[in-house]
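Quick notes on the structure that follows.
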Amino acid sequence: MLDHLPSPHSLPPRKVWLKTFGCQMNYHDSERLLSHLEEINFTSTDSRDDADLILFNTCSIRDLANSKFYSHLGELKKFKQRLGRELVIGVGGCIAQIEGEELIRRFAHLDFAFGTDVIDQINQLVLRAYLSEEKFSLNKWDRGRDYSIETKIVHGEPQAFVNIIKGCDKFCTYCIVPYTRGREKSRRLAEIVGDCTNLVKEQGVSEITLLGQNVNSFGKEHSETLAELIERLEPLVGLKRMRYTTSHPYDLSDALIAIHGRSKKLANNLHLPVQSGSDSVLSRMRREYTIEHYLDLVERLRAANPALSLSTDIIVGFPNESEEEFLATIELLNRVRFDSIYSFKFSPRKGTKAAKIDDLLTEEVRGQRLQQVQKRQLEIQAEDRQKMVGQRYEILVEGSKVMKGQFKWSGRTSCNRIIHFLPEQEGVDYQWQWIEVEVIEATALSCQGRVVRE
Ligand code: SAH
Ligand code: SF4
Ligand code: F3S
């Protein structure tokens, strides 16, 4: 390993094309990678053809995520051969953490692989790849006691993600994450508050999402809590909205529920993955809660903040899920009436407990169940979103596009719904403005509005 990095001024300017797969943790890690690489004279490019360095930040949560990455990597073989100039290719993230060495062995055009716990060493790894002919893979865990991350990401935008805890100790039987991200480790509350203060005061950030695989476990090793962290961030002048994700229902504390009632800045939205509506499936998944417990949380959260919208994750077709167990999930959708759901077919992940179960379900049944869940949820959304018509919402405008021939802007409400709207006058630039809109039309999947206050 290179102990001393050359000065960035002595390195030629180079371009990096970084392709990210997976969850917000990976997108956050990609921001960190780019902020490091700037120090050794790399700028980011949107065009693969211009790149001197290609990096993938990979995900292995389901088979589909895996295969998407492998097809991208495969395509690069001929691309690199034809290019006729130097190109370095590196693979990081969750696939590299568990299959780094194998990747290096199998793909001759790949120069290096790096795991999820060595993000802050990327510059050394890239320079090593440039300076040596030898391919390598590094996937060691950070065994240090404390988890501290460099706070130098420059956000050109008012929305920022701030990582507060890494890893996961839950070991849900279907899930690969504890193997790809390691044990839970929290940053210190004071470091996070400092980081957020800098983002708000120096970089004009107004919406912060606190991130982790299980943010409700935040601070255990230091006797600090997520509820405390949110209270400390609340008075930050300039901060308008806070979100946190992802929450595990088992660890959602009374203090956190109470804050949903009290906080003026915490968004009217919570993503609370339930996975299944059946207690027996939840037990086989090792989720540590029952549906009764989950429904009690929902009731208390809604009592604390009646405007709260809830979203969730559902897995259908867990090994040997019976028809009755599956129907309990449909029943749960009917009872909770989630604002939106992410639903997946169970995908066996090598090394997890659930992958070893002798599973009698067919892919066809899994496919049918997924369709059934999605169909029922869309009906619920179509009904419930009608209630939005005529209501006013404050939104942060995130972008614009042409929809059915009309140029429209769109922004996100506190309850995490996207609203599209026409500009008041042609040519007005609403990008990253906080404005008020009234919903004039709502369907299961989209809401149209009009500007009432700029
Ligand atoms: N940490 C979060 C989410 C992790 S992954 C949590 O605990 O809720 C995001 C979602 O992917 C999970 O909530 C789950 O619904 C889904 N998922 C994870 N592993 C899966 C698998 N093997 N097959 C299908 N879906 C899976
Ligand atoms: Fe995976 Fe469960 Fe951890 Fe979420 S809580 S990351 S589903 S092991
Ligand atoms: Fe995927 Fe890793 Fe996130 S497996 S979902 S990128 S933690």
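Can you give me the Rg/Rh ratio for the stretch 344-409, using Cα atoms for both radii and the Kirkwood formula for Rh?
Radius of gyration relative to Kirkwood radius: 1.21.
Would you calculate, for the chain, the mean residue ellipticity at 222 nm contributed by helices, counting each DSSP H stretch of 4 or more residues as -39,500 (n - 2.57) and dividing by all residues, to the nearest 500?
So the helix-based figure for the chain works out to -10500 deg cm²/dmol.
Full-extension gain between Leu422 and Tyr27, please, as 0.36 nm times their residue separation minus the C-alpha to C-alpha distance.
Full extension from Leu422 to Tyr27 adds 139.2 nm.
Filter the chymotrypsin sites (Phe, Trp or Tyr not before Pro) in the stretch 205-262 to those in DSSP coil with at most 15 other Cβ atoms within 10 Å of their Cβ, and list the result.
Here no chymotrypsin sites (Phe, Trp or Tyr not before Pro) fit, given the DSSP loop and packing criteria.
Using only the alpha-carbon atoms, what does the stretch 285-338 span along each of its principal axes? Please give whole angstrom values in decreasing order.
The Cα atoms of the stretch 285-338 stretch 38, 21, 16 Å along the principal axes, largest first.
Considering only DSSP beta bridges with both partners in the chain, what is the antiparallel share in %, to the nearest 5?
35 percent
Which of Ser347, Ala382, Leu361 sits farthest toward the positive end of the charge dipole of the stretch 159-383, with +1 on the Cβ of Lys and Arg and -1 on the Cβ of Asp and Glu?
The listed residue farthest towards the positive side: Ser347.
Taking only the C-alpha atoms, wrap a convex hull around the stretch 389-453 and report its volume per residue in Å³ as a whole number.
81 Å³
Which of the peptides 18-27, 93-102 is most tightly packed, and how do the rest follow, going by the mean number of other Cβ atoms within 10 Å of each residue?
93-102, 18-27
Amide H to amide H, which residues 5 or more places from Leu138 or on other chains are under 5 Å from it, using H placed in the peptide plane?
Close amide H contacts, sequence-distant or interchain: Ala113, Phe114, Gly115.
Compute the Cα gyration tensor for the stretch 8-138, then decide on rounded, prolate or oblate, letting a ≥ b ≥ c be the square roots of its eigenvalues: rounded whenever a/c is under 1.5, prolate when a/b is larger than b/c in the other cases, and oblate in all that remain.
Rounded.
Roughly how many whole Å is it from the C-alpha centroid of the stretch 415-448 to that of the stretch 259-285?
Comparing the Cα centres of the stretch 415-448 and the stretch 259-285, I get a distance of 27 Å.
DSSP loop (so not H, G, I, E, B), at most 15 other Cβ within 10 Å: list which trypsin sites (Lys or Arg not before Pro) in the stretch 404-453 pass both filters.
Lys404
At 1.4 Å probe size, with the rest of the protein present, what percent of the exposed accessible area of the stretch 8-138 is carbon and sulfur atoms?
Carbon and sulfur: 47 percent of the exposed surface of the stretch 8-138.
Placing +1 at every Lys and Arg Cβ and -1 at every Asp and Glu Cβ, with all other atoms neutral, what dipole size does the chain have around its Cα centre, in debye to the nearest 20?
The calculation lands at about 440 debye.
Tell me which of Ala65, Ile54, Ile40 sits at the most positive position along the dipole axis of the stretch 27-67, charges placed on C-beta atoms (Lys, Arg +1; Asp, Glu -1).
Going by the Cα projections, it comes out as Ala65.
For a quick protection proxy, order the peptides 71-78, 375-382 by their average other-Cβ count within 10 Å, most packed first.
375-382, 71-78
When the Cα centres of the stretch 185-215 and the stretch 73-90 are compared, how far apart do they sit, in Å?
Each part's Cα centre sits 38 Å from the other's.
Could you compute the FRET efficiency for Leu378 and Asp358, with r as their C-beta to C-beta distance and R0 at 56 Å, rounded to 0.05?
0.95
Would you mind putting 170-183, 129-142 in packing order, based on average other-beta-carbon counts within 10 Å, highest first?
170-183, 129-142
Determine the sum of side-chain charges near Ser347: Lys and Arg each +1, Asp and Glu each -1, restricted to other residues whose C-beta is under 15 angstrom from that of Ser347.
+4
Please report how far the C-alpha centroid of the stretch 109-145 lies from that of the stretch 344-368, rounded to the nearest whole angstrom.
If you average the Cα positions of each part, the centres end up 33 Å apart.
On average over all directions, what projected area in square nanometres does the stretch 248-351 have, based on the convex hull of its Cα atoms?
6.9 nm²
Given contacts defined as C-alpha pairs under 8 Å and at least six residues apart, what's the relative contact order of the chain, whole-number percent?
Once normalised by length, the contact order is 9 percent.
After finding the eigenvalues of the alpha carbon gyration tensor for the stretch 159-383, what semi-axes result from the square roots of 5 times each, listed largest first in whole Å?
33, 21, 15
In nm, to one decimal, how far is the modelled label at Lys78 from the one at Asp49, with both set 7 Å along Cα→Cβ?
Taking the simple label geometry, Lys78 and Asp49 are separated by 1.6 nm.
Evaluated at 20 °C with a viscosity of 1.002 mPa s, what Stokes-Einstein diffusion coefficient in µm²/s does the chain have when Rh comes from the Kirkwood expression over alpha-carbon pairs?
90 µm²/s
Would the stretch 160-251 count as rounded, prolate or oblate if I go by the C-alpha gyration tensor, calling it rounded below 1.5 in a/c and otherwise prolate when a/b exceeds b/c, oblate otherwise?
Prolate.
Using only the alpha carbons of the stretch 40-93, what is the convex hull's orientation-averaged projected area in square nanometres?
4.3 nm²
With no solvent and one equal point scatterer per Cα, compute the Debye intensity ratio I(q)/I(0) for the stretch 87-173 at 0.21, 0.25, 0.27 Å⁻¹ and report its log10, rounded to two decimals.
With no solvent term, the Cα-only Debye profile gives -1.07, -1.23, -1.32.
With a Cα-only, solvent-free Debye model of the stretch 286-411, what are the log10 I(q)/I(0) values at q = 0.16, 0.23 Å⁻¹?
-0.97, -1.41
At a threshold of 8 angstrom on Cα-Cα distance, excluding pairs fewer than six apart, so keeping six or more, what relative contact order does the stretch 62-165 reach in percent?
22 percent
Can you give the local net charge around Arg105? Use residues other than it whose beta-carbon is closer than 15 angstrom to its beta-carbon, Lys and Arg +1, Asp and Glu -1.
Charge balance in the 15 Å sphere: -2.
The values are calculated or read from the model by the stated rules, or taken from the named source; none is laboratory data. Remember, predicted model here, so these are calculated numbers, not experimental data. Heads up, the Cβs are rebuilt from the backbone with ideal geometry, glycines too, and the neighbour counts pull from every protein chain shown. Accessible surface areas use protein heavy atoms only, side chains included; no ligands, DNA or RNA. Shrake-Rupley method; radii C 1.70, N 1.55, O 1.52, S 1.80 Å.
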